[in-house]
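What follows is a set of notes on a single structure, which appears directly below.
Please treat every number below as a calculation from the coordinates, not as lab data. The structure presented is a predicted model; accordingly, all values stated were derived computationally and were not measured. Glycine also receives a Cβ, built like all others from the backbone with ideal geometry; neighbour counts cover every protein chain displayed.
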Amino acid sequence: QSVLTQPPSASGTPGQRLTISCSGSSSNIGANYVYWYQQFPGKAPKLLIYMTIERPSGVPDRFSASKSGTSASLAISGLRSEDEADYYCAAWDVSPRNWVFGGGTKLTVL
Amino acid sequence: EVQLVESGGGLVQPGGSLRLSCAAPGFTFSIYWMSWVRQAPGKGLEWVANIREDGTEIFYVDSVKGRFTISRDNSKKSVYLQMNSLRVEDTGVYYCVRDRDWLGWDYWGQGIPVTVSS
């Protein structure tokens, strides 16, 4: 099982606002930045959020993220069909010293 | 244009070895950390290893320590993953990733499949 915990699936309708949670511990999310990656089937992941809340250029501002304590969340507003993908959270874990991922959340736009 | 091109994957028997290569033309390779991230079939992402710009710092996930070795050659703009004592559970797609430390993994290769099976 993954070190970070995400719901395996989420769904919403076009235009809706939806959040995906990511739960960790004091040695990873509680101590460091959180990252979010988006992956379409058969494709390489893409960086969506870095340093917990920052969006790389080219990522729509419909995507936002936050952190509180040992949990983080990714919010998608104005949901679109093209947002259907798998979403992964990640963080550096200080003990042991390695990067850890959530198990991924499969987003379905109904 | 940033490109990461993996090679060296394939089918290998349990206990065997493979060496993955990743060529990284198109950017100043020598100033970036590099990582390998893998994904088992139908499963999530798993970070495997990373290496500092000059090769002086290296980290591995526990499950590959003692079996995998990450290395780089800045003169060839390439990073490598030597995989020994391969296990069935090492099967998956391996991605070469430009690692911008706290700025995230911003460029990914297309992925190279590795299958460990008898």
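Miscellaneous remarks
- A cut-off under 11 angstrom between Cβ atoms defines the neighbours of B:ASN84, and their net charge, with Lys, Arg +1 and Asp, Glu -1, is +2.
- Rel. contact order, % - alpha carbon contacts under 8 angstrom, at least six apart, chain B: 36
- Taking one quarter of the surface of the convex hull spanned by the alpha-carbon atoms of chain A gives a direction-averaged projected area of 6.5 nm².
- Taking θ as phi - 60° and the Karplus parameters 6.51, -1.76 and 1.60, the scalar couplings of the stretch B:15-22 work out to x, x, 10, 9, 10, 8, 10, 9 Hz in sequence order, x denoting glycine and proline.
- Ratio of Rg to Rh over the protein assembly as shown (Cα coordinates, Kirkwood Rh, two decimals): 0.96
- GNM flexibility winner over chain B from B:TRP108, B:TRP33, B:TRP47 (Cα, springs under 10 Å): B:TRP47
- Amide H contacts of B:ASP99 (H built 1.01 Å from N, under 5 Å, at least 5 apart or other chain): B:TRP33, B:MET34, B:SER35
- Taking Cβ atoms as reference points and 12 Å as the exclusive limit, the residues near A:LEU18 contribute a net charge of +1, counting Lys and Arg as +1 and Asp and Glu as -1.
- Pairs from the table (B:LYS43/B:LYS76; A:LYS46/A:LYS67; B:LYS43/B:LYS77) lying more than 24 angstrom apart at Cα are B:LYS43/B:LYS76; B:LYS43/B:LYS77.
- Rounded to the nearest 20, the size of the Cβ-charge dipole of chain A about its Cα centre is 40 debye, with Lys and Arg at +1 and Asp and Glu at -1.
- When +1 charges are put on Lys and Arg Cβ atoms and -1 charges on Asp and Glu Cβ atoms, the dipole computed for the protein assembly as shown relative to its Cα centre reaches about 160 debye.
- Looking at the stretch B:1-115, the pairs of alpha carbons with a distance over 16 Å make up 55% of the total.
- Among B:SER75, B:SER17, B:SER63, the residue with the largest mean-square fluctuation in a Gaussian network model of chain B, with springs joining Cα atoms closer than 10 Å, is B:SER75.
- For the stretch A:31-110 versus the stretch B:34-97, the inter-centroid distance based on Cα atoms is 22 Å.
- Sequentially through the stretch A:94-108, phi angles give Karplus couplings (6.51, -1.76, 1.60; θ = phi - 60°) of 6, 8, x, 7, 7, 7, 10, 10, x, x, x, 10, 8, 9, 10 Hz, Gly and Pro residues having no value and appearing as x.
- FRET efficiency estimate (nearest 0.05) - Cβ-Cβ, B:SER75 to A:SER26, R0 41 angstrom: 0.45
- Summing charges over all other residues whose Cβ lies under 14 Å from the Cβ of B:CYS22, with Lys and Arg as +1 and Asp and Glu as -1, gives +3.
- In sequence order, calculated HN-Hα J values of the stretch B:77-88 (Karplus, 6.51, -1.76, 1.60; Hz; x Gly/Pro): 6, 9, 10, 10, 9, 8, 10, 10, 6, 5, 10, 4
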